[in-house]
Structure formats: C-alpha cells, structure tokens
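Quick notes on the structure that follows.
Read the figures in this text as sums done on the coordinates, not as results from a lab. What you are looking at is a predicted structure, and each value in this text was computed from that prediction instead of being measured. Ideal geometry is used to build each Cβ from the backbone, glycine not excepted, and the neighbour counts take in all protein chains shown.
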Amino acid sequence: QVQLKESGPGLVQPSQTLSLTCTVSGFSLTSYNVHWVRQPPGKGLEWMGRMRYNGDTSYNSALKSRLSISRDTSKNQVFLKMNSLQTDDTGTYYCTRAVRYGVMDAWGQGASVTVSS
Amino acid sequence: DVVLTQTPPTLSATIGQSVSISCRSSQSLLHSNGNTYLHWLLQRPGQSPQLLIYSVSRLESGVPNRFSGSGSGTDFTLKISGVEAEDLGVYYCVQGTHAPHTFGAGTKLELK
C-alpha cells in the first residue's frame, strides 16, 4: 500500500527556516519522483519542487532561492527546507508521489504550517 | 511559466446533471515525445487532492467512468456525466509537459 506522510513543526517564526519530512512506504524513492505542493488557506495549489527518482532536483523559480529538497533513501524520506519564512508561507504542505511528467497519483495527508510570532 | 486558466471558477449542479470544466493553457502542452501531460485532480472538502485523469483522457484506477477528459494542444475539458454527491469539491488541472509544473486555479463544484 502506497503511503506518504508529512511531518514537521506546525508553527514557525517569521524569518526562520521550515523543515518538513515526507516518509514514504509501499514504493521506492529510486523508482518514483516525489513532489512538494503547498496550499495557502482557502486557496489553490502551488508546485514547489521535486526530487526525481535519480536524485536530481528541480524547483519553482519563485521559491528557488529559499528552497532545498533532499532525501535519505535508506530511511525512505524526502526532506524540504525553506528559509526566510514569511506569513504568506502559511498553509498546508503536501508531498506527493509522481509516476512521470506530473502524474501525482498518491498524496500525503498534508502538514499544516503557520508562520507567526 | 505555463498559465492554466480554468472556467468556470464555480459550478452549481444538481445530482444527476452532467457538467464540464474547461482548462486552457497559455502554450501548447504537446510534449516533444508526442504525449500531452495535462491531468485532473479532485480535492474534496478537508481532504488531500486525488488524481482523477492523467494525460488528458486516461482514467486513474478506481475512478468512476462518469469522469472523462478530452482536448489537445491548449484546450482541455473534464466532463462529469451525472454528478453524484461524492463529486463535490474543487477540481484542478495540472500540467507536466513544461517545467515548472503548474496548476489551474481550481473549479469548485457545489450542489445547486
């Protein structure tokens, strides 16, 4: 059974760094891509970036200077780090498995992140 | 970046009614490999998005066949033939042809 689960702090102070972990099961990180997608409260979806099956990464150009995605295949985990957080970074952060070309066929439950002092 | 424009933003339907959602792209989504990577997701209230249709018209496993997708190039349509109560939520198109991936703004399907 394919599963993804996001974990991390629910509250982050402005200007600080967000660290999230996506723990996967039921598939191999060396066979599938994992994307990060976020959703501000009451708004739509924004693609943040991707860890490819071969270890390559790509990022939304609007976030690239602040964002880093990495992984530990031995632990079946993909990590997101984003620095210089502001209040408009508040929202739900999802990790999602993608077969290829953005076919996101499995999603985590989402991690709610609030940026506030 | 590719801009996906979804219309209408909100759709009111009765149970059993057939409805369509449009997704128009700012550039062709035909990949150099001959495939078109335009997909549809449904996000039910309080839930994570789920994949409904991929590559324009391919139904994801387990998705009812009242959902269908069509289109080419820059114009795409999701059709629901006979809305059921479980279909309510926000529908998103997403493209995977061009980097970065981009989403439409969503179409909210609600009961009339």
**Asked** What average number of partner chain Cβ atoms lie no more than 10 Å from the Cβ of the residues making up A:96-109?
**Response** 6
**Fill in**
Here the range A:35-46 yields Karplus 3J(HN,Hα) values (6.51, -1.76, 1.60; θ = phi - 60°; whole Hz; Gly and Pro given as x) of 10, 10, 10, 10, 9, x, x, x, 10, x, 8, 10
**Request:** Give a quick list of GluC sites (Glu not before Pro) in the range B:55-112 that DSSP marks as loop, anything other than H, G, I, E or B, with at most 13 other Cβ atoms within 10 Å.
**Result:** B:E84
**Asked** Just A:W36, A:W107, A:W47 to compare: in a GNM of chain A, with alpha carbon springs under 10 Å, which one fluctuates most?
**Response** A:W47
**Request:** Calculate one ³J(HN,Hα) per residue across the range A:60-68 by plugging θ = phi - 60° into the Karplus curve 6.51 cos²θ - 1.76 cosθ + 1.60, and present them in order as whole Hz with x for glycine and proline.
**Result:** 4, 4, 6, 10, 3, 5, 10, 10, 9
**Request:** Could you work out how far apart the two model spin labels at B:L59 and A:S65 are, taking each label as a point 7 Å from the Cα in the direction of the beta carbon, and quote it in nm?
**Result:** 4.8 nm
**Prompt:** Percent relative contact order of chain A, based on C-alpha pairs within less than 8 angstrom and at least six residues apart?
**Reply:** 36 percent
**Set of lysines with alpha-carbon distance to B:K79 below 19 Å, sequence-local pairs under 8 removed** = B:K108, B:K112
